[in-house]
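The values are calculated or read from the model by the stated rules, or taken from the named source; none is laboratory data. Since this is a predicted model, take the numbers as computed values, not measurements. Cβ sites come from the backbone with ideal geometry, for glycine too, and all protein chains shown count toward neighbours. Heavy atoms of the whole protein, side chains included, go into the accessibility calculation; ligands, DNA and RNA do not. Shrake-Rupley method; radii C 1.70, N 1.55, O 1.52, S 1.80 Å.
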Amino acid sequence: MTVAQRLKHGYQKHWYAYAMIAPVAVVLGVLVVYPLVYGLYLTLTDANSLNTARTIGVNHIDAAYKFIGLDNYQDILFGPTAYDRFWSHFIWTIVWTALCVALHYSIGLGLALLLNQKLRGRTAYRLLLIIPWAVPTFVTVFGWRIMLSDGGVINTFLDTLHLPSPAWLEDTFWQRFAAIMVNTWCGVPFMMVSLLGGLQSIDASLYEAAEMDGASPWQRFRYVTLPGLRSVSSTVVLLGIIWTFNQFAVIFLLFGNTSAPDAQILVTWAYYLGFGQQPRDFAQSASYGMLLLAILIVFTSFYRRWLNRNDQQLAI
């Protein structure tokens, strides 16, 4: 049977499945595949707001950008301003992601362990702790921005205690500290809820057996709780890394696209290049997007391999 015949036979046999997935394929093609391919094409050009096609009044100006190959990547990674424009933001993005995810997981796990106990009013505590996740991000971040301003409630409280009041939104160190603090506030509830679900799926008889064997609370946590949370933890940590690495809303809403240049992570810096300056550098911005995608693909590949290797070692 030829390839064409096999395709025809498969279509005749599974036409209903193809009909069901066709709308999804069209939507993904329009919203994901086309922008991705077009963005990749822009990275190979010198497109900006001055040489792209545009209409001014009744006059239409044709595109004048040209193909330059991999020059954008060369300039971003190895150009004379590579450190200031890419590597410094890349290093800060790695530090930002590592600290935020570590705080998300550790605080979320602690709260999940607490809420997994038989406490009076446990349901009310769960509802209160999930509020930061339920509130829209822009409301949360704007609220924090008001509290962190010079005359905000946080600095006012510090002043009453005769403590130094940091320039949360002006000084580079405190800008980064504030960004991590706000993102931790927004991200902990998701981690807490996910880990709480994992804790409730662990067989209680394992804890009973460990207690009968004389295991201490720390030993029960290390040898029962953590292994029982392994599958949940690996998934939520991976999701947390991807989300935090691409966390646009917190940085942008907290500082805007012009202030705090040293607190910008790669995704907000890419936005600044494409939409926050004049002329808008569409090619460089798209190149940053492709680099971000490549970094996450490589990391996810190595992360999954590392997890599979550990799973195989535990199975032996």
- Over the chain: helical MRE at 222 nm, DSSP H runs n ≥ 4 each giving -39500 (n - 2.57), nearest 500: -22500 deg cm²/dmol
- Message: Explain nothing, just the number: dipole magnitude of the chain about its Cα centre with +1 on each Lys and Arg Cβ and -1 on each Asp and Glu Cβ, in debye rounded to the nearest 20.
- Response: 1140 debye
- Query: How much of the calculated P(r) for segment 66-142 lies past 14 Å, in percent of all Cα pairs?
  - Reply: 77 percent
- Query: Accessible area of Glu170, 1.4 Å probe, to the nearest 10 Å²?
  - Reply: 110 Å²
- Message: Over the chain, what is the relative contact order in percent, taking alpha-carbon pairs closer than 8 angstrom and at least six residues apart?
- Response: 24 percent
- Query: Relative contact order for segment 139-208: what is it in percent, counting Cα pairs under 8 Å that are at least 6 residues apart?
  - Reply: 19 percent
- Message: How would the chain be classified by its alpha-carbon gyration tensor: rounded, prolate or oblate, with rounded meaning a/c under 1.5 and the a/b versus b/c comparison settling the rest?
- Response: oblate
- Task: Only helices at least 20 Å long along their axis, Cα-based, and averaging 0.0 or more on Kyte-Doolittle count here, so list those DSSP H runs from the chain.
- Result: 3-28, 88-115, 172-200, 230-245, 282-315
- Query: If packing is taken as the mean number of other Cβ atoms within 10 Å per residue, what is the order of 154-161, 284-291, highest first?
  - Reply: 284-291, 154-161
- By accessible area of protein heavy atoms, probe 1.4 Å, what ranking do Met181, Met212 get, highest first? Met212, Met181
- Message: Students sometimes get this wrong: rank Phe299, Phe190, Phe275 by accessible area, probe 1.4 Å, all chains present, largest first.
- Response: Phe275, Phe299, Phe190
- Query: Given H placed on each backbone N at 1.01 Å, which residues far from Thr45 in sequence or on other chains put an amide H within less than 5 Å of it?
  - Reply: Ile68
